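**Student:** Can you read through this structure? Questions will come right after.
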Amino acid sequence: MRPVLGTLDDAEIIARAAREADAVVDTAEAESRRRGGSHHIRAGAAPGNLSCIPARSGIVATVTNGERSDSIYDEYSSFTPTIPRMQQRAAIDQAVFDAAKQGVRSVVIRPTMIYGEGRGSRKESAQVPALIENAKKAGVGLHIGKGENIWANVHIDDVTELYLLALQKAPAGALYYAENGEEVLKM
């Protein structure tokens, strides 16, 4: 692995690095609403190489206002997001699927709410610590409505293993959801 300095707006740097790499994993979740990074990776993608695995959590969700929903979505379910940020993330995924049609071995992985301690520079996930911090500030666990809506989750080590398997074996255009449990926030 070789680090490359730049931002998601550095089109030439990203495209050149993507051309030179055996594989590129795009985990810029905080920037997922911006098409720049993933677009630049695909621009430099070499046919046959595994060039882009974006991690885009929060694409498949329904607005239930805290009510329980027994809807289940998997890799074969058709789903059209209605929330703008989810629509933007889905558009990035569609561009990755389009790259697969052009010979790039690109794959989409959609992790659910990630928990557990990571081994990289950022040890904590984004969602769970934010939920804990909000509860501390309020002095009580917070939820919308009845709080019966179900949140799927996955441990960071399982996400890591899925990425490694995708790098080794995933066919072009594959879509994988990463989930190993679910929680209800109501206490």
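The values are calculated or read from the model by the stated rules, or taken from the named source; none is laboratory data. These figures come from a predicted structure and were not determined experimentally. Cβ: placed from backbone, ideal geometry, glycine included. Neighbour counts: every protein chain shown. Just the protein is used for accessible areas: all its heavy atoms, side chains included, with ligands, DNA and RNA removed. Shrake-Rupley method; radii C 1.70, N 1.55, O 1.52, S 1.80 Å.
**Student:** With θ set to phi - 60° and the Karplus curve 6.51 cos²θ - 1.76 cosθ + 1.60, what are the ³J(HN,Hα) couplings of the range 136-152 in order, to the nearest whole Hz, using x for Gly and Pro?
**Tutor:** Running phi through 6.51 cos²θ - 1.76 cosθ + 1.60 with θ = phi - 60° gives 4, 4, 7, x, 7, x, 9, 7, 8, x, 6, x, 8, 5, 9, 10, 6 Hz.
**Student:** Return the long-range amide H neighbours of D26 (sequence gap of 5 or more, or a different chain), with a cut-off of under 5 Å between placed amide H atoms.
**Tutor:** Residues meeting the amide H criterion: I53, A55.
**Student:** Right, something else. What ³J(HN,Hα) values, in whole Hz, does the Karplus curve 6.51 cos²θ - 1.76 cosθ + 1.60 give for the range 167-183 when θ = phi - 60°, with x put for Gly and Pro?
**Tutor:** 4, 7, 10, 5, x, 4, x, 6, 10, 10, 8, 10, 7, 9, x, 8, 9
**Student:** May I pose another question? Can you give me the Cα centroid spacing of the range 71-124 and the range 168-183 in angstrom?
**Tutor:** 9 Å
**Student:** Ok, one more. By DSSP, what percent of the beta bridges with both residues in the range 69-187 are antiparallel, rounded to the nearest 5?
**Tutor:** Working: 4 of 11 bridges.
In the range 69-187, DSSP labels about 35 percent of beta bridges as antiparallel.
**Student:** Checking the cross-link filter: which lysines have an alpha carbon closer than 26 Å to that of K146, excluding same-chain neighbours under 8 positions apart?
**Tutor:** K136, K137, K186
**Student:** Can I ask one more? Rounded to whole Hz and in sequence order, give me ³J(HN,Hα) for the range 95-103 from the Karplus expression 6.51 cos²θ - 1.76 cosθ + 1.60, θ = phi - 60°, writing x for Gly and Pro.
**Tutor:** Computed from phi, the couplings for the range 95-103 are 5, 5, 4, 5, 4, 4, 5, 9, x Hz.
**Student:** Could you size up the charge dipole of the range 85-187 around its Cα centre, putting +1 on the beta carbon of Lys and Arg and -1 on that of Asp and Glu, and report it in debye to the nearest 20?
**Tutor:** The dipole of the range 85-187 has a size of about 300 debye.
**Student:** What residues have an amide H closer than 5 Å to that of I109, excluding those fewer than 5 places away on the same chain, when H is modeled at 1.01 Å from N in the peptide plane?
**Tutor:** R56, Y176
**Student:** If you roll a 1.4 angstrom probe over the protein chains with everything in place, what fraction of the accessible area of the range 49-174 belongs to carbon and sulfur, to the nearest %?
**Tutor:** Roughly 53 percent, rounded to a whole number.
**Student:** Something else: How far, in nm, would the chain grow between R19 and A130 when pulled straight, counting 0.36 nm per residue and subtracting the alpha carbon separation?
**Tutor:** Between R19 and A130, full extension yields an extra 36.3 nm.
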